[in-house]
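Engineer: Here you go, one structure.
The values are calculated or read from the model by the stated rules, or taken from the named source; none is laboratory data. Since the structure is predicted, the reported quantities are computational estimates derived from the model, not experimental observations. Note: ideal-geometry Cβ built from the backbone for every residue, glycine included; neighbour counts use all protein chains shown. The protein model used for the area step is the full one, side chains on, heavy atoms only, and it has no ligands, DNA or RNA in it. Shrake-Rupley method; radii C 1.70, N 1.55, O 1.52, S 1.80 Å.
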Number of protein chains: 2
Amino acid sequence: MSHHHEIVEALQQIGYRLTPQRMMILDAIASGDGHTSAEEIHEAVRAAYPYLDISTVYRTLGLLKALHLVSETDLGSGHAQYELLSKGLHHHLICRECGGILDVDNSFLNPLRQAIDQEHDFHAEIEHLAIFGMCNACNANLRG
Amino acid sequence: MSHHHEIVEALQQIGYRLTPQRMMILDAIASGDGHTSAEEIHEAVRAAYPYLDISTVYRTLGLLKALHLVSETDLGSGHAQYELLSKGLHHHLICRECGGILDVDNSFLNPLRQAIDQEHDFHAEIEHLAIFGMCNACNANLRG
DNA sequence: TGTCAAGTGCAATTCTGTTGCAGAAACCAG
DNA sequence: CTGGTTTCTGCAACAGAATTGCACTTGACA
């Protein structure tokens with residue numbers, strides 16, 4: 001575990017500084033469940049280091065996004081959620097009725113990727129997808 | 001054209017009122033290019049009727065969304081964009097490099113829909129999808 | 001250890017979207 | 001056409017996420 005330290009050191013080699021704040025923010029994202037908001041990251045780090053400012057969280061997330069080290073997803077809740085891309089990639093099915101979230105394996109999207117590549121000459125980078133719909137239970141309830 | 005008047009009249013039959021504001025907002029969405037933000041709709045209608053408030057735009061969009069008459073998509077710009085669903089459904093490939101947008105036919109997603117339905121008992125409502133990536137031209141340029 | 005650019009904390013601000021409320025107006029009945 | 005009811009609108013205040021300017025701090029490297 002803690003292989004995200006490699007990420008931080010890689011950052012350093014590209015020319016970015018290795019600050020405690022950045023390490024703690026990466027820790028927080030890595031130890032989260034994969035649906036971590038900027039505010040949650042802020043709270044988590046502040047438990048150990050109360051001076052961390054939310055703007056630093058956003059600036060770090062912006063950096064990690066630009067380098068494709070984390071993915072940003074809006075699950076419809078109005079605030080974005082972040083996830084380490086080095087963890088196993090997966091996507092989400094979100095039920096409009098009960099709000100439940102199911103995980104979908106990344107391999108499900110391979111046929112779509114291939115089709116887009118062949119038909120449109122376009123290399124799709126589908127890092128983290130949120131698909132809305134209705135789960136089976138809610139579907140049954142609405143009809144019963 | 002202007003077949004969105006049918007939509008407004010359909011609204012009326014479900015019990016909603018036929019107000020000039022709603023008609024003008026639908027006009028604005030329908031005459032847009034399919035990537036119209038709430039603020040753009042507001043501006044467009046205010047050109048003819050300066051008293052329209054932005055909250056009315058949001059309330060109308062919320063209503064149309066709930067009835068699945070318009071789709072809401074976040075193309076990553078931080079503000080949602082709206083499109084009439086009665087227009088032919090399509091999705092977008094957005095190149096991270098040049099910003100170009102390609103349209104993808106809705107049928108491309110059918111295999112994904114079926115797979116999700118079978119494997120996860122989940123009815124996916126993929127109305128308007130934005131997929132980021134790299135187009136062929138930019139891919140070639142970066143390597144050249 | 002000293003230098004300096006990158007990074008941080010703080011505070012103020014911007015921006016999108018929401019909400020409470022009073023008045024306006026669409027719809028329906030008569 | 002008129003009156004009554006309920007929805008809808010405009011206004012203004014508000015909420016919350018994210019951004020920015022600026023002075024101070026600190027990591028990296030000679």
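Engineer: Taking the alpha-carbon distance from A:LYS65 and a cut-off under 21 Å, which lysines remain once sequence neighbours fewer than 8 residues away in the same chain are dropped?
Structural biologist: By straight Cα distance, A:LYS65 reaches A:LYS87.
Engineer: May I pose another question? Let me know the Rg and Dmax you get for the stretch B:90-143 when you use only its Cα atoms, in Å.
Structural biologist: 14.1, 43
Engineer: Ok, one more. Can you give me the long-range amide H partners of B:SER37? Hydrogens built in the peptide plane at 1.01 Å from N, cutoff under 5 Å, separation of 5 or more residues or another chain.
Structural biologist: B:TYR82
Engineer: Provide the percentage of antiparallel DSSP beta bridges, counting only those with both residues in the stretch A:90-143; round to the nearest 5.
Structural biologist: Roughly 55 percent of the DSSP beta bridges within the stretch A:90-143 come out antiparallel.
Engineer: If you add up the charges near B:TYR16, with Lys and Arg at +1 and Asp and Glu at -1, over every other residue whose beta carbon is less than 15 angstrom from its beta carbon, what do you get?
Structural biologist: Neighbour charge sum, excluding B:TYR16 itself: +2.
Engineer: Right, something else. With +1 on each Lys and Arg Cβ and -1 on each Asp and Glu Cβ, and nothing else charged, work out how big the dipole of the stretch A:4-84 is about its Cα centre, in Debye to the nearest 20.
Structural biologist: Magnitude of the dipole: close to 340 debye.
Engineer: For the charge dipole of chain A, defined by +1 on Lys and Arg C-beta atoms and -1 on Asp and Glu C-beta atoms about the Cα centroid, which residue among A:LEU61, A:THR73, A:ALA44 has the Cα displaced farthest towards the positive pole?
Structural biologist: A:ALA44
Engineer: Karplus couplings for the stretch A:104-112 from phi (6.51 cos²θ - 1.76 cosθ + 1.60, θ = phi - 60°), rounded to Hz, Gly and Pro as x?
Structural biologist: With coefficients 6.51, -1.76 and 1.60, one gets 10, 5, 4, 5, 4, 8, 4, x, 5 Hz.
Engineer: Return one whole number: the accessible area per residue of chain B in Å², for a 1.4 Å probe.
Structural biologist: Roughly 55 Å² per residue, with all protein chains present.
Engineer: Treating only the Cβ of Lys, Arg, Asp and Glu as charged (+1, +1, -1, -1), what charge dipole size does the stretch A:32-122 show about its Cα centre? Round to the nearest 20 debye.
Structural biologist: 240 debye
Engineer: Let me ask another. If the label for B:ASN139 sits 7 angstrom from Cα along the Cα-to-Cβ line, what are its distances to the same label in every other copy, in nm to one decimal, shortest first?
Structural biologist: In ascending order, 3.4 nm.
Engineer: Using the Kirkwood radius over C-alpha pairs as Rh, can you work out the diffusion coefficient of the protein assembly as shown via Stokes-Einstein at 4 °C, viscosity 1.567 mPa s, in µm² per second?
Structural biologist: The diffusion coefficient I find is 60 µm²/s.
Engineer: Per DSSP H run of at least 4 residues, take -39500 (n - 2.57); add these up for the protein assembly as shown, divide by its residues and hand me the 222 nm value, nearest 500 deg cm²/dmol.
Structural biologist: It lands at -13500 deg cm²/dmol.
Engineer: Taking amide H atoms as placed 1.01 Å from N in the peptide plane, list the residues 5 or more away in sequence, or in a different chain, whose amide H sits under 5 Å from that of A:PHE132.
Structural biologist: Under 5 Å from the amide H of A:PHE132 lie the amide H atoms of A:ILE94, B:GLU125, each far enough along the sequence or on another chain.
Engineer: Stretched out fully, how many nm does the piece from A:GLU125 to A:TYR16 gain, at 0.36 nm a residue minus the Cα gap?
Structural biologist: So the extension gain works out to 36.7 nm.
Engineer: In addition: Per the Kirkwood formula on distinct C-alpha pairs, the Rh of chain B is how many angstrom?
Structural biologist: Its Kirkwood hydrodynamic radius stands at 17.0 Å.
Engineer: Interface B/A, total buried accessible area with a 1.4 Å probe, nearest 100 Å²?
Structural biologist: Roughly 2500 Å².
Engineer: Could you size up the charge dipole of the stretch B:1-42 around its Cα centre, putting +1 on the beta carbon of Lys and Arg and -1 on that of Asp and Glu, and report it in debye to the nearest 20?
Structural biologist: Dipole about the Cα centre, nearest 20: 220 debye.
Engineer: If you roll a 1.4 Å probe over the stretch B:4-84 with all protein chains in place, what percent of the accessible area is carbon or sulfur?
Structural biologist: Result for the stretch B:4-84: 51 percent of the exposed heavy-atom area is carbon or sulfur.
Engineer: Let me ask you something else. Suppose we compare each residue of the stretch B:94-120 in its chain alone and in the full protein complex with a 1.4 Å probe; which ones drop by at least 30 Å² of accessible area?
Structural biologist: Output list: B:ARG96, B:LEU102, B:PHE108, B:LEU112, B:ILE116, B:HIS120.
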